[in-house]
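Any read-out appearing in this document is the output of simple, stated calculations on the displayed coordinates, not a laboratory observation. In this text the structure is predicted, and so the values were computed from the model without any measurement. No Cβ is skipped: glycine too gets one built from the backbone with ideal geometry, and neighbour counts run over all protein chains shown.
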Amino acid sequence: MKSVMIKPVKARGRALERTLEPRRKRTQSSKRSGSRNPKHHDRFDQSSYLSSSKAVKIVSMLAMMICSPFFIVFMWYTMVRADGSVEKACRHFFQFGIRGIKDVWPFPSQRACKLVGAFVLFEAILQALLPGERVMGPSTPVGNRPLYTRNGIPCFLITLGVYYLLWRERLFNPAMVYDIIGEIYSVLICATYITTTLLYVKGHMAPCSSDWGSSGNVLGDFFWGMELCPRLSSVFDIKVFMNYRLGIMGWAILVISFAIKQYEVQGRVSDSLMVSSLLMLMYIAKFFWMEAAFGCSMDIAHDRAGWFMTYTCVTWIPVVNSSVNLYLVTHPIQLGRRIQARHQTERGERKSLLLTAGWWGLARHIHYAPEIGAAFFWTLPALFRHAMPYFYVTFLTALLIDRANRDDKYCRVKYHKHWEAYSKKVRYKVVPRVF
């Protein structure tokens, strides 16, 4: 079977002046119509997540939006107040009930709001002003080509450099982030719902491209989103900002802040926290190095900007991904002077391949296996005293398995018999001979 190559295309000429360029074969009648109520099947039926969203009942969406903040607070309480013990945390909430939740709930503070606001503003300025290579994302269902500025590495290096200088010059103490981390989590949760509301209103009132639409259900539109590529300007993509600059960059900032907190309290950073932090920062640096390739990922190319994406990027990624470091701040584990390990990284290429030979011939999403492995190995320094530090790797495994199933359904619809032929040659989805 022939290989299929999909890679970001460098923007040239007039394409630089147009953020979203629709295909020319759209009919003149569709251009003249000017309808602000696009047909539902033209906009939503081509989204890869539709097969999931149809199965998600209203009760499920409400449950996720209501229960998710409680889980974040439960994780924070377990790591910081309950010595990392899920049993102790559950016993507290079962004993005191609603009053117990109210007593420990970390409400947003002025300091937390200022810290988060300053971080958001700083990252927004970097994304908007730093130059970078212009690349075109994959074609959307209606034929638009999103234009992105590849400036992730400069943003990453400048952010870490400025953060270090603020600490060295004693203008800001990153250890304070740990001291008010519960309040910061609450600010992120509130920001999620405020941002989603603004995106919902924008999707109705001022969509910035033809890749928008309504499912006909208010809750569904709020949860899954209306716009595929919401933007504030030709160079400021909201989804990229939330995912890369807030979620991934925020994860890095929390990792560094937790390490500095342990250093200030104990005079050193334990080898367990050092190993976990370095592995995470290496992963994050690799992410920004391959930033252009992630424009073809399901998050950016197919999923719309609603509550689900906003919550995942703004709250879930920085909070859950750094949870093992939060645990290790007050639970340092000495691993010994000699550490023997084998570490195999992904050899990133600025393209996405669909092959029937090599690694890609072993499984359709063989690249998910190293993702799960990396999450497991940066959690392993916490050893096995408590189960909570392993929540992220467990969640990531379930998420990637679900994503592999969603992608399989999407490709099966898109490629028809060709995907059937490919599936017969590459039988496994993630792990050969297992799944």
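Arranged from fewest to most other beta-carbon atoms within 10 Å of their beta carbon, GLU87, GLU183 become GLU87, GLU183. Taking 0.36 nm per residue of separation and subtracting the Cα-Cα distance, full extension of the segment from ALA206 to ALA124 would add 27.4 nm. PRE reach from LYS114 (point 7 Å along Cα→Cβ): which of region 165-181 fall under 11 Å by backbone N? Hits in region 165-181 for LYS114 at 11 Å: none. Give the distance, in whole Å, between the Cα centre of region 56-129 and the Cα centre of region 204-219. Each part reduced to its Cα centre gives a spacing of 29 Å.
From the cross-link list LYS261/LYS286; LYS114/LYS261; LYS239/LYS425; LYS202/LYS261, which pairs have alpha carbons spaced over 28 Å apart? Don't skip to the answer; put the middle values down first.
On the way: LYS261/LYS286 25 Å; LYS114/LYS261 20 Å; LYS239/LYS425 35 Å; LYS202/LYS261 40 Å.
In this structure, LYS239/LYS425; LYS202/LYS261 exceed 28 Å between Cα atoms.
Tell me the chymotrypsin sites (Phe, Trp or Tyr not before Pro) within region 182-286 that lie in a loop according to DSSP and have at most 15 other beta-carbon atoms within 10 Å.
PHE236
Sparse packing (at most 16 other Cβ atoms within 10 Å of the Cβ) combined with a DSSP loop state is found for the following trypsin sites (Lys or Arg not before Pro) in region 206-308: ARG268.
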